[in-house]
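What follows draws every value from the coordinates through simple rules; no lab data is involved. All values reported here derive from a predicted model rather than from experimental measurement. Heads up, the Cβs are rebuilt from the backbone with ideal geometry, glycines too, and the neighbour counts pull from every protein chain shown.
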Amino acid sequence: MIRADFALRHAGQLATMVPAAGDPLGRIRDGALAAREGRVVWIGEDRELESQVTLDGDLLDTQGACVIPGLVDAHTHPVFAGSRADEFAERASGVPYAVQQSEERGIARTVRATREADEPTLLALAQARANRFLANGTTTIEAKTGYGLDLDNEAKLLDVLRKLAGRTPLRVVPTFLGAHVPPPGIDRDLYVRSLIDEMLPAFRPWADFCDAWCEAPAFTAKETRAILTRARSLGYGLRVHAAQLAPGEGPDIAAALEARSADHLEFATPAQIRALAKAGTVAVLCPGANFTTHGPRPPIDAMRQATLPMAIASDLNPGTSNSESLPHAMSLACVQWGMTPVEVLLGATVHAARSLKLDGVAGCLQVGSFADCAILDVETPEAIPYYVGVNRVIATVAGGVTWQPS
């Protein structure tokens, strides 16, 4: 008998996201699973649970609800202070996003508010956002810095992420985004040198990934290449904000350096898409930011033709996508871009996990994976994006524990 400290049973459809018998979702009807110490130890049909598993712990009867792996959000900016709601209203009235970026507004405005906030305040704000992620079925996030933009303030943000990971069942994968934009009032060459010589070596023990935004109003291709080459030499995994607002070399750099992800990609060319696929990079698409900045549809068809894995992310941030809801992002990708429900489900689970080096343990349910689940009141897993803007999550399980709001 298999010993377990958590079990879930009577899932009307349990989507493992491990393809089987021609079903890309690998679903088990009237499914069940058991876990021990936060990992799945058994999964199968409910009628076999009692003969296979000895349970010494909690039992969750889902009463026919759909069960999917905990969602994986591969692009978020969860540590910030302040609001930019007025900028949202301006864009709704036709003001372009690029016009809002200056030393007084846009990202620089969030940097000022975040620098002024003390660590307990930022931690409380991040904790509230973590609760909203969990309430929407997300159990793993990639979490970027990028609103400190100097050694001390970026360290403050990374410390908030470290403490957040200890206070919530949400799995937090930290990314250093000192190369978000050059900070106002600082010579950009000196700032790039500080990134390369000071911040990247100092923060390697704290961050799994390094990200850089390769685009005006952020960093040039030359600067991005230098920053990410240095990061790779120090052992960081690489991520790149690329081709969001205009064509550029960001996707080429991501492919050349075999970045784990290239994000946004609205203006990526077919040749760049093919290069990313060949490099093993994941395209992390951000429908929320695209929606509020009125961007063009990313080259989805070229990505399909190149078999480039497409992750779907919330891109939680104060400027363009202030939402912790991956199901909402999935709906937008279907409605705005013509992606299929199966594509966005894969994008918010297995492909997102792959971009975070969590293949086989996050974004799927199989023996050895994290015991992370979202239980939803939907007819089928494919129906999740059908409920546009409506949270159908009944319960979230993280590490074999049913989450309750704090």
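Principal axis extents of the Cα atoms in the stretch 63-219, from largest to smallest and rounded to whole angstrom, are 59, 44, 28.
Take each peptide in 304-314, 137-147, count the other Cβ atoms within 10 Å of every residue, and average; sorted highest first, the result is 137-147, 304-314. The alpha carbon convex hull volume per residue for the chain rounds to 127 Å³. The GNM of the chain, with springs linking C-alpha atoms under 10 angstrom apart, assigns the highest mean-square fluctuation among Ala254, Ala329, Ala395 to Ala395. Ordering Leu123, Pro78, Phe133 by Cα displacement along the dipole of the stretch 78-134 toward the positive end leaves Phe133 in first place; charges were set at the Cβ atoms of Lys, Arg (+1) and Asp, Glu (-1).
Here the simple spin-label model places points 7 Å from the Cα toward Cβ, and for Ala21 and Glu379 these points are separated by 2.2 nm. Under a Gaussian network description of the chain, with springs only between Cα atoms under 10 Å, the residue in Ala277, Ala81, Ala98 that fluctuates furthest is Ala98. Electrostatic tally near Asp5: other residues with Cβ closer than 9 Å to its Cβ, Lys and Arg +1, Asp and Glu -1, net -1.
Taken along its three principal axes, the alpha carbon spread of the stretch 238-285 comes to 23, 19, 16 Å, from the longest extent down to the shortest. Near the amide H of Ala395, within less than 5 Å, lie the amide hydrogens of Ile375, all on another chain or at least 5 residues away, with H placed in the peptide plane.
When shorter helices are ignored and each DSSP H run of at least 4 residues is given -39500 (n - 2.57), the per-residue value for the chain at 222 nm works out to -9500 deg cm²/dmol. Relative to the current alpha-carbon distance between Arg188 and Ala85, full extension at 0.36 nm per residue lengthens the span by 34.2 nm. Cut-off 10 angstrom, C-alpha nodes, Gaussian network model of the chain. Which of Thr293, Thr396, Thr229 fluctuates the most? Looking only at Thr293, Thr396, Thr229, the biggest GNM fluctuation is shown by Thr229.
Subtracting the Cα-Cα distance of Asp359 and Glu198 from 0.36 nm times their residue separation leaves 54.8 nm of extension gain.
Over the chain, what is the relative contact order in whole percent, taking alpha-carbon pairs under 8 Å and six or more residues apart? Relative contact order for the chain comes out at 20 percent.
Cβ-to-Cβ counts within 10 Å put Val181, Val67, Val401 in ascending order as Val401, Val181, Val67, the fewest first. Here the stretch 206-364 is treated as an ellipsoid with the same Cα gyration tensor; its semi-axes, largest first and in whole Å, are 22, 17, 16.
List, in the order given, every pair from Lys156/Lys278; Lys144/Lys222; Lys222/Lys278 whose Cα-Cα distance in the structure shown is over 26 Å. Going by Cα-Cα distance, Lys156/Lys278 fall outside the 26 Å limit.
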